[in-house]
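All remarks here apply to the structure that follows.
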Amino acid sequence: MKIQLGGLSEGIHRYRFRVVSDELNLGGQFRADVDVEAALDKTPTQILLTSKIRTTANFECDRCVAPFEEELSPSYKMLYVFEGSDTGHLDPSEFQVITPGNNVIDITEDVRQTILLSVPLKLLCNENCKGLCPSCGKNLNEGECFCKEELLDPRWEQLRKLQSN
């Protein structure tokens, strides 16, 4: 996903990319294409890139182990400054310098990292997932199990009595 800078006039320029997820090395759970909408806002000293990304991934629920599909829609911004511009007021981690001989911005790695960072830490098929029964392993989203609730550790008996009151 490369954007040519040579001959680019000042103002806003819009781009669309569609990439096969395998080309981004996202992993096996990503099988859908990745759609990227990018907008460049060019001024004489800098370029502000704003992007919106959409893709779908297949995950396994952390509670019930059921497979589910989730759409990811992350976005990111990147500031590119031309070499020689005053960047003293900017944090070095918040911009990239464009050297005079560089006429291309390659956003491939930024898109890949943004997608990977957008994957939730806790993967749930839905927010109210009940998970699996710790005794028999039945998926509690499909109905209740008929396991006896046993208190294995007698140290918890006093708490159990308080709970039933």
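Taking segment 144-163 as the range and being of a type in the set (D, E) and open to solvent by less than 100 Å² (accessible area, probe 1.4 Å) as the test, the residues that pass are D153, E157.
For first residues located in segment 89-106 and over 14 Å from M78 (Cβ atoms), partners that are hydrophobic (A, V, I, L, M, F, W, C) and open to solvent by less than 80 Å² (accessible area, probe 1.4 Å) and lie 6+ apart or on another chain with Cβ distances below 6 Å form the pairs N103/L5.
Only one entry of A57, A38 meets the criterion of being of a type in the set (A, V, I, L, M, F, W, C) and either without any contact (Cβ under 8 Å) to a residue 24 or more places away in the chain or under 30 Å from G143 (Cβ atoms) (or both), and that entry is A57.
Only residues that are acidic (D, E) and either in contact with a Lys or Arg (Cβ under 6 Å, 6 or more places away or on another chain) or open to solvent by less than 90 Å² (accessible area, probe 1.4 Å) (or both): list them for segment 124-143, please. Break it down stepwise before answering.
From segment 124-143, those acidic (D, E) are 127, 142; that's our starting set.
Matches in segment 124-143: none.
Taken over segment 107-139, the criterion of being without any contact (Cβ under 8 Å) to a residue 40 or more places away in the chain and hydrophobic (A, V, I, L, M, F, W, C) is satisfied by L121, C133, C136. The set of residues in segment 28-68 that are buried (at least 16 other Cβ atoms within 10 Å of the Cβ), over 15 Å from the mean Cα position of the chain (by Cα) and among the polar types (S, T, N, Q) contains only Q46.
Among the residues making up segment 1-16, those that are in contact (Cβ under 8 Å) with a residue 40 or more places away in the chain and surrounded by 14 or more Cβ atoms within 10 Å (Cβ to Cβ) are M1, I3, L5. Contact annotation: residue pairs with Cβ atoms under 6 Å, 6 or more positions apart or on different chains, pairing a residue in segment 140-155 that is modelled with pLDDT of 80 or more with a partner that is part of a loop (DSSP other than H, G, I, E, B) and polar (S, T, N, Q), are C147/S135.
The values are calculated or read from the model by the stated rules, or taken from the named source; none is laboratory data. Just so it is clear, the structure is predicted and the values come from calculations on it, not from any experiment. Glycine gets a Cβ as well: all are built from the backbone with ideal geometry, and neighbour counts include every protein chain shown. To get the accessible areas, we keep the full protein, side chains included, count just its heavy atoms, and leave off ligands, DNA and RNA. Shrake-Rupley method; radii C 1.70, N 1.55, O 1.52, S 1.80 Å.
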